[in-house]
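The values are calculated or read from the model by the stated rules, or taken from the named source; none is laboratory data. Here the structure is a predicted model, which means the values were calculated and not measured. Don't worry about glycine lacking a Cβ; one is built from the backbone with ideal geometry, like all the others, and counts go over all protein chains shown.
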């Protein structure tokens, strides 16, 4: 079968049904939508009051869930958090700022990444595109861009690689939300005990 024929097949109803069936298998789903730190991720999402599927999508896009990953710019861990960003988050939350070594810990990294996502979603009034752009490029750059291009907001993501980052996260977000990776219980608000233990986790 030629390449064009293969694409035509998968775009057909039968092909989409088979693809959906494949994604429902554990092996295939875990390959496309990995979730190796599920417990830590759900806990962080509850603490920050962010959809765990969104936190998972950012972690998958940023590091493919590799806690040892460091970028050339100094971003660390699963959520690729900069030390300076973690200090800002800690200051707003009133908790101790983590060291670079502590940010390599998956639970700590996920917590600070989720808290930063919450801050950006609030800052941009729930605008997911702008929040993800700011996560990737920094709020300063996004604020300058958005002020100049507000009339054409549908074409927001024009900051180089940021456009691709936003598209990749949104693709992963839909997948994590669609394929039953999280239950309704994962979306509940944290208890007082969980909130206290989550704050302590940030201190480690």
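Reported count of residues in segment 75-129, each being outside any helix (DSSP H, G or I) and over 26 Å from residue 145 (Cβ atoms), is 11. Exactly one residue out of 128, 120 is in the same structural domain as residue 182 (by TED's automatic domain parsing) and touching a helix residue (DSSP H, G or I) at 6+ places or on another chain (Cβ under 7 Å): that is 120. Here residue 96 passes the criteria (1) within 10 Å of the chain's Cα centre (by Cα); (2) surrounded by fewer than 19 Cβ atoms within 10 Å (Cβ to Cβ) except the one numbered (1).
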